[in-house]
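*Asks:* Sending over a structure as structure tokens; questions will come in a sec.
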Amino acid sequence: MKYPIGIQNFESLRKDDYLYVDKTRMVYELVSDGRYYFLRRPRRFGKSLLISTIEAYFSGRKDLFAGLDIEKLETEWESYPILHIDLNTRNYDTKEALLAELNKHLEAWEALYGDKFKDRSPEERLSHIIELAYKQTGKRVVLLVDEYDKPLLQTIGNAALQDVYRTILKAFYSVVKTYDKYIKFGFFTGVTKFGKVSVFSDLNNLQDISMDKRYIEICGITEEEIHRYFEFSLQELAAANNMTYDEVAAKLKEQYDGYHFEYGTKGIYNPFSLLNTFAKQSFKDYWFETGTPTFLVQLLQERKYALPDLTHEIVSDDVLNSIDTASRNPIPLIYQSGYLTIKGYNERFRKYYLGFPNKEVETGFLNFLLPYYAPNSDRSEFDVSNFVMDVESGKPEQFMQHLQAMFADTDYKIVGNAELYFQNALYLIFKIMGFYVDVEHPTSARRIDVLIKTSDYIYIIECKLDKSADEALRQIDELGYAAPFAADKRTIYKIGVNFSSETRGVEGWKVNIES
């Protein structure tokens, strides 16, 4: 079986006999029910292939759809002039880079329909191209824009350049509404939806189908589709990993399923990771190997975000649906980028509960964050294994020495609240090591900074900044942090830790056993 890993062109996929998970029924429904759409999905989720499929359909390429659902639905197979813009291929580090990319597409279209207006602004040129294409072919134009937001995403953190890009793109895309009478169909894709003063503020004729239950499955792969298209692949994967069929299915679900783009809808598997797993017959974090943008970490740090909150964020639908770059909340961007998903919904208050979609995203994202909070965490595997064994064996003095080493000898700049920074670092370290960890654990008196639980031990950790380990330990006793665990048979260790803002590391600690 040929898996379409990295194949984004529908024609080549079909001609070269790659497996195709049939989404054409939904394509037909889109075309039949409306004219202008927007869809956001995380990277590597099949958006470009979807755009290419729509392009093949509007090109009248009935031959490419043989045996697919749409072949039974469509009877006319007309060909239309198509303007396809892909903004995914360039580094937009200057205004000139964006203009050059737009100009590349405009010149290609002007070569087909006339370049009488080539000296005008990009939006004027586009409007004339649309009109000329209509008049020369007698058919209205199909406009397809892939990754519309790439220039804006690349400039998060550079407000001035982002404003320039927003102005250019807003004018460019507004042609869709102004020249509606010449346009048959418009489809925009992206990772995110920028709100407020955005490129979409004037495009109120676009239907956002990102959370539309009718089209949730249009990108990605469902469990039903796995068993329909990949039954033999499941058997092969099970044999290659000495697992049963049921064990393989359960592991795939744990690793790659769990994306919910609206509450109450089917879980969606990450297609890139799923296809790679079948092709290479090995479970790995394939999506993360393709790269995670560093601006997400910068947002978390600059906006003083407490990392444990990632697992229980509660937000309204308007927060999920658009990104306001002036906001101090990094969650909409992290959610829309695919690192969080919808876990539940409170209908009374119209609030969504968010969390990690699956194991790949949770472990991959936490591991990606760790070097930014604990710069020496990539020490040898021997150090890591010793750290884990010390925690599991009830040796707090030893594992505190490992923690001290992780923070030592670094010129890394702590961003924002230093105490929060260290709490985040401890949370990441213990979480990645596979331990139960709770930061800011509530008690009747106050909140425990860090609470760690293993099968045999409970560690209550209080952190201070530029004070003393004795003061931290005294707070644990005076506020009775150990009291809720009085009936617990596990050994309870109370650990007071003092961090130094000068050395940016662990200055000292003190350990007592709860008697």
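The values are calculated or read from the model by the stated rules, or taken from the named source; none is laboratory data. Everything numeric in this text was worked out from a predicted model, so none of it was measured. As a convention, Cβ positions derive from the backbone with ideal geometry for all residues, glycine included, and neighbour counts pool all protein chains shown. Heavy atoms of the whole protein, side chains included, go into the accessibility calculation; ligands, DNA and RNA do not. Shrake-Rupley method; radii C 1.70, N 1.55, O 1.52, S 1.80 Å.
*Asks:* Search the stretch 448-467 for residues that are at positive phi and of a type outside the set (Phe, Trp, Tyr) and pair each with any residue that is open to solvent by less than 10 Å² (accessible area, probe 1.4 Å) and assigned to a strand (DSSP E or B) when their beta-carbon atoms are under 8 Å apart and the residues are at least 6 apart or on different chains.
*Replies:* Here the result reads 466/498; 466/499, each pair linking the stretch 448-467 to a residue that is open to solvent by less than 10 Å² (accessible area, probe 1.4 Å) and assigned to a strand (DSSP E or B).
*Asks:* Further, regarding this structure: Which members of the stretch 455-501 meet the condition of being under 18 Å from residue 398 (Cβ atoms), under 39 Å from the mean Cα position of the chain (by Cα) and in a strand (DSSP E or B)?
*Replies:* 457, 458, 459, 460, 461, 492, 493, 494, 495, 496, 497
*Asks:* Go through the stretch 340-361 and report how many residues are without any contact (Cβ under 8 Å) to a residue 60 or more places away in the chain and either in contact with a strand residue (DSSP E or B) (Cβ under 6 Å, 6 or more places away or on another chain) or not hydrophobic (A, V, I, L, M, F, W, C) (or both).
*Replies:* Total satisfying the criteria: 9.
*Asks:* A further question follows. Output the helices (runs of 4 or more DSSP H) that fall wholly within the stretch 250-359 and possess 3 or more residues being surrounded by fewer than 19 Cβ atoms within 10 Å (Cβ to Cβ) and at pLDDT below 85, or say none.
*Replies:* Correct list: 295-302, 317-321.
*Asks:* Consider residue 120 carefully, then state whether it is under 27 Å from residue 208 (Cβ atoms), of a type in the set (Lys, Arg) and over 34 Å from the mean Cα position of the chain (by Cα).
*Replies:* Working: under 27 Å from residue 208 (Cβ atoms): no; of a type in the set (Lys, Arg): yes; over 34 Å from the mean Cα position of the chain (by Cα): yes.
So residue 120 does not fit the description; no.
*Asks:* Of all residues in the stretch 235-248 being in contact (Cβ under 8 Å) with a residue 24 or more places away in the chain and assigned to a helix (DSSP H, G or I), which is most open to solvent (accessible area, probe 1.4 Å)?
*Replies:* That would be 236.
*Asks:* Which numbered condition in (1) modelled with pLDDT under 70; (2) open to solvent by 30 Å² or more (accessible area, probe 1.4 Å); (3) part of a loop (DSSP other than H, G, I, E, B); (4) under 22 Å from residue 306 (Cβ atoms) is the only one that residue 409 fails?
*Replies:* Single failed check for residue 409: (4).
*Asks:* When you check residue 115 against the structure, is it surrounded by fewer than 14 Cβ atoms within 10 Å (Cβ to Cβ), free of Cβ contacts under 8 Å to residues at least 12 places away in the same chain and among the acidic types (Asp, Glu), yes or no?
*Replies:* In short, no.
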